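Take a look at the structure set out below.
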There are 2 protein chains.
Amino acid sequence: MPYRAPTGDYEFIFSQLINLDQVSQTEKFADVDSDTVSAILTEAGKMSEEVLYPTLRNGDLTPAVLENGKVRSSPGFAEAFSAIGDGGWISTSADPEFGGMGLPFTVTMAVNEMMASANLALQLNPLLTQGHIEALEAHATEELKQTYLPKLNSGAWNGTMNLTEPQAGSDVGALSTKAERNDDGTYAITGQKIFITWGDSDFAENVVHLVLARLPDGGKGTKGISLFVVPRNIPDENGEPGVANSLKVVSLEHKMGIHGSPTAVMQYDGATGWLVGEEHDGMKCMFTMMNNARLNVGGQGVGVAEAAYQHALAYALDRKQGPTPLGNGTIVDHADVRRMLATMKAETFASRAIALESALAIDMGNATGEKAWKARAAFLTPIAKAFGTDTGIKVADLGIQVHGGMGFIEETGAAQYARDVRITSIYEGTNGIQSMDLVARKLMDGGEAAYALIEEIENFAESARATRPNMAEMVWQASETLREATEWMVKQGDLNERFAGCVPFLNGFARILGAHFHLKAACAEDGEGPRTKLARFYIKRLLPEHAGLLAHATQGAKELYDLGIDDLSA
Amino acid sequence: MPYRAPTGDYEFIFSQLINLDQVSQTEKFADVDSDTVSAILTEAGKMSEEVLYPTLRNGDLTPAVLENGKVRSSPGFAEAFSAIGDGGWISTSADPEFGGMGLPFTVTMAVNEMMASANLALQLNPLLTQGHIEALEAHATEELKQTYLPKLNSGAWNGTMNLTEPQAGSDVGALSTKAERNDDGTYAITGQKIFITWGDSDFAENVVHLVLARLPDGGKGTKGISLFVVPRNIPDENGEPGVANSLKVVSLEHKMGIHGSPTAVMQYDGATGWLVGEEHDGMKCMFTMMNNARLNVGGQGVGVAEAAYQHALAYALDRKQGPTPLGNGTIVDHADVRRMLATMKAETFASRAIALESALAIDMGNATGEKAWKARAAFLTPIAKAFGTDTGIKVADLGIQVHGGMGFIEETGAAQYARDVRITSIYEGTNGIQSMDLVARKLMDGGEAAYALIEEIENFAESARATRPNMAEMVWQASETLREATEWMVKQGDLNERFAGCVPFLNGFARILGAHFHLKAACAEDGEGPRTKLARFYIKRLLPEHAGLLAHATQGAKELYDLGIDDLSA
């Protein structure tokens, strides 16, 4: 059951749904044409299919381990990572001055999605490195850039992110890792960090950590935090890895999935670090890359959904079981199996379109500097992150169900998708936190970005009445309900009223955005093609869920908190 | 974080929601009084808390393995199983003539649920043995009963079920295991069976297999199948385990969860078997126990939901993270965490009430022989199975989410609940098959059993208007929608039209039944107690999902099948 990269879907979404050409019309991306994009998709797809995917099970069966303080990676991962580095797939959007390709983030999202489909545990390595690169590009000194960026872009070195501490998970401001000024302008970093993805690797010549820490005069909370580059081996005068720094991997976590990705507890004992950005300004530097990182995690969910779908479809086309109502003779003909497969495909498409639309808004915001694009990107990002990862989890779970009893047996691989993808709704900000961000910060504009999107959905539905009247009407009606729910949210002065329904609100918004893209896909097609049939499935059978979600979203906090701790413990 | 048996919930449901006293008023269960039931719940709860629960992680960390053809069970399982056998917890509903307690199945459901909460992998052993006992009680000769039942009831021997073969999973009629008549009245059984739960154990003196096989003159399909008792060791003249039979465990599966439960591939090479029931009548014998077995699997889902909820609540009460809106200072005060916990508790309660109501209907059907009770039991069983297991999966998943990053780390145990419970929506008939059963066989009466339930829901809602007007109105409205969806189902002559929406139909029905029981619970309470607050949460925030589900349920098959294999593969 080989994985097949869905390049046709990306091309369709780029040209028909999100109009990637807009990006090429900006000065920043003037060199990007659709032939380049096609070639990139084809090559990255081929690499994902042929090089990464064959190593997927290795990571699960032979997890990364810690031996004498060093990480030993899963079999085949070193070679697969070489192919990622050599192909330039770490640095598709990186600055060409330091060896990147300078392509739009939208294209990188598609490339990352394919790598995530093929091997999520390994893809985390370039994904974290990309975030690292972005932070350095935006905030590091020229000297740091010259030293680190070419190595990170090529894959010679790996980059990590060190935010979390045991007492400071979602509450980054509570961190206690210390930074002290050395006489030579460097800093001494001391503390423990947890959940450090790819905290070490045996295939990188060096591993470079971006570490959040607090200077002695750094205030409390997020405002007193600074950001540092802390390399495992300190670069020598030739820029090659030199003496070992005072840091170590203490242990690796035993996780439900992504066993091939070493999740480290890192200990820094006065390790030498270099400041990135200004002192006490580390959180701003992190925020630079946070939108992209969140969106990329959404893309991981989409990627696993795609792979789990293909895996389940192949099984359903092959597995004979009982008399079937159609002539294919395999379980794909059972109505309920077809319902599951159609759900998987329709959800994957919707979440992919939302993720790529969000990426486009980021590119357009960066290229044009326009406030509306930036606001749109900011609004869509938490939706794309949460809906993409929820879709990954839901689709992988349905994939197990399609396999029946075989889905529970690890050898088939269906369970691995579900175990691997489960982390994505947690890291890079849990989906609860994404939803809080959506209803609080992202509605601080009085709902302007939200209403602009809703209006777009309504306008498109109006225009679609001519050719797809039934679907258009359903989408239009749903967007009216969404408008009411959004108005309710905007009206709540007490944020906790919003938070009480933030997750169903985000889910309802995503449901309707998904319907919008499905409707657009149907309208881009003449007659009754596959996209129209899939759109009809989604709009008639899944879109109706929005009503229950938005009813839940607008119940407020009081009755929720009436359920006190005694009641919950009863 | 110890598990605490929810005995208060059972007593409340028994007395206030399902009226267990009805059972005591029948001749069959005249000896059962509420003091006995309370004592049983207390003792079984204590054993589950103190003996079974401490072994839960052992099963996951040290799975059952096959050594020299014998199963070696996980550490502590032998001792824990002894406590189950010694307490009589295998045979609470078994015939007192052979050592059982003769209690209603409703009480056994509660006992089984507690054992499932405490250690699902181990609980499967007595659960399968119970089904085995039931089949023998109903269909075996007096001699077989005398030989096997006392041993199975005491836990000296274990019982298994052998239905599945590689090519015959959900399609049992396709099985190919052969039975041939021996001259002495026994049979020679030859073939391979897969997915045999507890196919061997090192703590039972003997393991007895119930095996479905086909005689040479057995016709094709399910009608040509016979049922046999095939012991691992053939009982000698004293009824003790004698010579080894010609059967073996070939291998154990590597599974996503329930690692402590050995899932065996069994090979029978002319093994000696004894006929149960009539030749070619094996499926009827299996059906005897299938309702109870299905319901028990639903109860497993409820049990894991309960344990996962308690586990997550304890974490949320302890974990500090960020400023909270209330004074407790832990994450339980974040609105979205409270939403998750309230959802977990409300869903667990709803699924438990449905499961116990179904069990009551089985008891009443057995005790009175009344057609209406039997029809009610038959109708509720697939709902209780599917909703109970879906609830287990959903609640365990939310449990991971409440834990944040720690949820993905195996040491916390949150992930184990999700991995363990995942099988329950697959085995004993996938939830898709439960749903097909519901809309086909269980509506063959023209919807009589369904409408009787809907009427009960409506009538109760009417009567609740006096004290709980808002909730009553919502339940009443929902039941009207349910009536319409049921009418739509009943009208479809082509079963495939029903099958296209059977899963959302079952889920919608369960949603509304759950609301009914929550409303009943609220009405049983004076003022604003914990059950009323929980009911309000469920009815206002979760019940609205029924509309989307039932809209999906009634879309029919055509547009689903319009999505052809080419479209799914596009």
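Here, each number is a calculation from the coordinates, and none is a lab measurement. Values in this document were obtained by computation on a predicted structure and should not be read as measured data. Ideal geometry is used to build each Cβ from the backbone, glycine not excepted, and the neighbour counts take in all protein chains shown.
Can you tell me which residues in region B:41-100 are surrounded by 19 or more Cβ atoms within 10 Å (Cβ to Cβ), among the polar types (S, T, N, Q) and more than 20 Å from B:Gln310 (Cα to Cα)?
Result: B:Ser73, B:Ser74, B:Ser91, B:Thr92, B:Ser93.
Give B:Val37, B:Val111, B:Val32 a once-over and let me know the one that is crowded, with 18+ Cβ neighbours inside 10 Å, in contact (Cβ under 8 Å) with a residue 12 or more places away in the chain and outside any helix (DSSP H, G or I).
Result: B:Val32 is the single residue among B:Val37, B:Val111, B:Val32 that is crowded, with 18+ Cβ neighbours inside 10 Å, in contact (Cβ under 8 Å) with a residue 12 or more places away in the chain and outside any helix (DSSP H, G or I).
Give all pairs with beta carbons closer than 6 Å in which a residue from region A:137-155 that is in contact (Cβ under 8 Å) with a residue 12 or more places away in the chain meets a residue that is part of a helix (DSSP H, G or I) and surrounded by fewer than 21 Cβ atoms within 10 Å (Cβ to Cβ); count only pairs at least 6 apart in sequence or on separate chains.
Listed pairs, sorted by first residue: A:Ala138/A:Thr288; A:Leu149/A:Phe98; A:Pro150/A:Phe98; A:Asn153/A:Phe98.
With B:Ala335, B:Ala367, B:Ala350 as the choices, which residue is in contact with a Phe, Trp or Tyr (Cβ under 8 Å, 6 or more places away or on another chain), more than 9 Å from chain A (Cβ to nearest Cβ) and crowded, with 24+ Cβ neighbours inside 10 Å?
B:Ala350
Let me confirm something: among A:Ser154, A:Ser176, A:Ser117, which residue is of a type outside the set (Phe, Trp, Tyr) and closer than 29 Å to A:Gly221 by Cβ?
Going through A:Ser154, A:Ser176, A:Ser117 in turn, the sole match is A:Ser176.
Which number in (1) in contact with a Cys (Cβ under 7 Å, 6 or more places away or on another chain); (2) buried (at least 18 other Cβ atoms within 10 Å of the Cβ); (3) of a type in the set (S, T, N, Q); (4) more than 10 Å from chain B (Cβ to nearest Cβ) marks the one condition that A:Gln492 misses?
Condition not satisfied by A:Gln492: (1).
Check A:Ile454, A:Ile400, A:Ile433 and return the single one that is under 22 Å from the mean Cα position of the chain (by Cα) and not in a strand (DSSP E or B). Before the answer, list the steps.
Working: A:Ile454 fails: under 22 Å from the mean Cα position of the chain (by Cα); A:Ile400 fails: under 22 Å from the mean Cα position of the chain (by Cα).
Testing whether each residue is under 22 Å from the mean Cα position of the chain (by Cα) and not in a strand (DSSP E or B) leaves just A:Ile433.
Name, by its number, the condition in (1) at the interface with chain B (Cβ under 9 Å from one of its Cβ atoms); (2) buried (at least 20 other Cβ atoms within 10 Å of the Cβ); (3) over 30 Å from A:Thr147 (Cβ atoms); (4) under 28 Å from the mean Cα position of the chain (by Cα) that does not hold for A:Val304.
A:Val304 satisfies every listed condition except (1).
Test each condition in (1) more than 7 Å from every other protein chain (Cβ to nearest Cβ); (2) touching a Ser or Thr at 6+ places or on another chain (Cβ under 9 Å) for B:Ala547 and report the one that comes out false.
Here B:Ala547 meets the rest and fails (1).
So, in region B:550-565, of the ones that are among the hydrophobic types (A, V, I, L, M, F, W, C) and more than 7 Å from every other protein chain (Cβ to nearest Cβ), which residue ends up nearest to A:Leu550 (Cα to Cα)?
Filtering region B:550-565 down to residues among the hydrophobic types (A, V, I, L, M, F, W, C) leaves B:550-551, B:553, B:557, B:560, B:563, B:565.
From what is left, the residues that are more than 7 Å from every other protein chain (Cβ to nearest Cβ) are B:550, B:553.
Working: B:Leu550: 17, B:Ala553: 20 Å.
Here the residue is B:Leu550.
Out of the residues in region A:255-274 meeting the condition of being within 14 Å of chain B (Cβ to nearest Cβ) and in a strand (DSSP E or B), tell me which one is farthest from A:Phe228 (Cα to Cα).
Only one residue fits best here, namely A:Lys255.
Considering only region A:6-29, state which residues are outside any helix (DSSP H, G or I) and either touching a His at 6+ places or on another chain (Cβ under 9 Å) or buried (at least 17 other Cβ atoms within 10 Å of the Cβ) (or both).
Hits for region A:6-29 are A:Pro6, A:Ile18, A:Leu20, A:Phe29.
If you take the residues of region A:165-177 that are surrounded by fewer than 21 Cβ atoms within 10 Å (Cβ to Cβ) and either touching a residue at least 60 places away in the same chain (Cβ under 8 Å) or in contact with a Gly (Cβ under 6 Å, 6 or more places away or on another chain) (or both), which of them is nearest to the other protein chains (Cβ to nearest Cβ)?
Looking at residues that are surrounded by fewer than 21 Cβ atoms within 10 Å (Cβ to Cβ) and either touching a residue at least 60 places away in the same chain (Cβ under 8 Å) or in contact with a Gly (Cβ under 6 Å, 6 or more places away or on another chain) (or both), I get A:Asp171.
For region B:320-332, which residues satisfy the criterion of being more than 8 Å from chain A (Cβ to nearest Cβ) and outside any loop (DSSP other than H, G, I, E, B)?
B:Ile331
Of the numbered conditions (1) touching a Leu at 6+ places or on another chain (Cβ under 6 Å); (2) away from chain A (no Cβ under 14 Å); (3) surrounded by fewer than 24 Cβ atoms within 10 Å (Cβ to Cβ), B:Thr288 satisfies every one except a single condition; which is it?
(1)
For region B:399-415, enumerate the residues that are in contact with a strand residue (DSSP E or B) (Cβ under 9 Å, 6 or more places away or on another chain) and more than 7 Å from chain A (Cβ to nearest Cβ).
At the first step, the residues of region B:399-415 found to be in contact with a strand residue (DSSP E or B) (Cβ under 9 Å, 6 or more places away or on another chain) are B:403, B:405, B:408-410, B:415.
Answer for region B:399-415, where residues must be in contact with a strand residue (DSSP E or B) (Cβ under 9 Å, 6 or more places away or on another chain) and more than 7 Å from chain A (Cβ to nearest Cβ): just B:His403.
Quick one: B:Leu275 ticks every box in (1) out of contact with any Ser or Thr (no Cβ under 6 Å at 6 or more places or on another chain); (2) without any contact (Cβ under 8 Å) to a residue 40 or more places away in the chain bar one, so which box is it?
Every condition holds for B:Leu275 apart from (2).
Kindly indicate whether any position in region B:210-221 is within 14 Å of chain A (Cβ to nearest Cβ) and either within 30 Å of A:Gly257 (Cβ to Cβ) or not aromatic (Phe, Trp, Tyr) (or both).
Yes, region B:210-221 contains at least one residue that is within 14 Å of chain A (Cβ to nearest Cβ) and either within 30 Å of A:Gly257 (Cβ to Cβ) or not aromatic (Phe, Trp, Tyr) (or both).
Between A:Ala396, A:Ala418, which is within 30 Å of A:His259 (Cα to Cα), facing another protein chain (nearest Cβ under 10 Å), surrounded by 18 or more Cβ atoms within 10 Å (Cβ to Cβ) and out of contact with any Ser or Thr (no Cβ under 8 Å at 6 or more places or on another chain)?
A:Ala418
Given the structure, is B:Thr263 within 30 Å of A:Gly407 (Cα to Cα), of a type in the set (Val, Ile, Thr) and crowded, with 23+ Cβ neighbours inside 10 Å?
yes
Restricting to region B:527-541, name every residue that is farther than 17 Å from A:Asp566 by Cα and more than 7 Å from chain A (Cβ to nearest Cβ).
Of all residues in region B:527-541, those farther than 17 Å from A:Asp566 by Cα come to B:538-541.
Within region B:527-541, B:Tyr538, B:Ile539 meet the criteria.
Considering B:Leu317, B:Leu356, which residue is within 12 Å of another protein chain (Cβ to nearest Cβ) and either touching a helix residue (DSSP H, G or I) at 6+ places or on another chain (Cβ under 7 Å) or closer than 19 Å to A:Arg498 by Cβ (or both)?
B:Leu317
Say we look at region A:314-330 and pick out the residues that are hydrophobic (A, V, I, L, M, F, W, C) and in contact (Cβ under 8 Å) with a residue 40 or more places away in the chain; which of these is nearest to B:Gln167 (Cα to Cα)?
Only one residue tops the list, namely A:Ala316.
Do you know which residues across region A:459-484 are of a type in the set (A, V, I, L, M, F, W, C) and either surrounded by fewer than 21 Cβ atoms within 10 Å (Cβ to Cβ) or farther than 30 Å from B:Pro325 by Cβ (or both)?
Hits for region A:459-484 are A:Phe460, A:Ala461, A:Ala464, A:Ala466, A:Met471, A:Ala472, A:Met474, A:Val475, A:Trp476, A:Ala478.
Does A:Ala466 count as in contact with a helix residue (DSSP H, G or I) (Cβ under 6 Å, 6 or more places away or on another chain), over 21 Å from A:Ala355 (Cα atoms) and either among the small types (Gly, Ala, Ser) or assigned to a loop (DSSP other than H, G, I, E, B) (or both)?
no
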